Structure formats: C-alpha cells, structure tokens
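These notes are about the structure you will find just below.
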Amino acid sequence: MVFVRLSSSPNIPLYTLEVKSGEIVQFRAKYNRNVPNEVWDVAKKWLRVTKQVKAA
C-alpha cells in the first residue's frame, strides 16, 4: 500500500495505490474516486523504476 502525496504537502494523502506482485491492483482518489490519467502515467513510471531497482 502506497499513499501518494505532493512533496509540497507531505501530510495530505491524495491517492491510495495498492501494488501486489509487481502490478498495480488498485489506485483510488479521495471518496473512492477515479485517479486522473496523468497521475496513472506517473504511477506506472514509478512502478517501472521500482521494478528496475529491485531487480538490480
């Protein structure tokens, strides 16, 4: 479980990201709303980078 926040507001969670077996299982915003596509793109990039670090 990852809580996605802005670096300028680290005490305010914006999104909840669930990763299981290296895949995004669930990604939701406040009140169970959908996450914007731009944020999905950042999450996918983050996941690729973390997979590379784990493999190294």
Quiz item: without any contact (Cβ under 8 Å) to a residue 60 or more places away in the chain, surrounded by fewer than 10 Cβ atoms within 10 Å (Cβ to Cβ) and not in a helix (DSSP H, G or I): does that describe Asn34?
Solution: no
Practice problem: Give the residues of region 33-56 that are under 15 Å from Met1 (Cβ atoms) and out of contact with any Phe, Trp or Tyr (no Cβ under 7 Å at 6 or more places or on another chain), sorted by residue number. | Solution: Trp46, Leu47, Thr50
Exercise. Collect the residues in region 7-21 that are over 10 Å from the mean Cα position of the chain (by Cα) and either among the β-branched types (Val, Ile, Thr) or loosely packed, with under 10 Cβ neighbours inside 10 Å (or both), keeping them in residue-number order.
Key: Ser7, Ser8, Ser9, Pro10, Asn11, Ile12, Lys20, Ser21
Quiz item: Within region 5-27, restricting attention to residues that are polar (S, T, N, Q) and outside any strand (DSSP E or B), which residue is farthest from Lys51 (Cα to Cα)?
Solution: Ser8
Exercise. Output the residues belonging to region 22-31 that are more than 10 Å from the chain's Cα centre (by Cα) and surrounded by 13 or more Cβ atoms within 10 Å (Cβ to Cβ).
Key: Ala29
Quiz item: If Val42 passes every condition in (1) touching a residue at least 12 places away in the same chain (Cβ under 8 Å); (2) surrounded by 12 or more Cβ atoms within 10 Å (Cβ to Cβ) but one, which one does it miss?
Solution: (1)
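Here, each number is a calculation from the coordinates, and none is a lab measurement. Just so we're clear, the structure is a prediction, and the values are computed from it rather than from any experiment. Don't worry about glycine lacking a Cβ; one is built from the backbone with ideal geometry, like all the others, and counts go over all protein chains shown.
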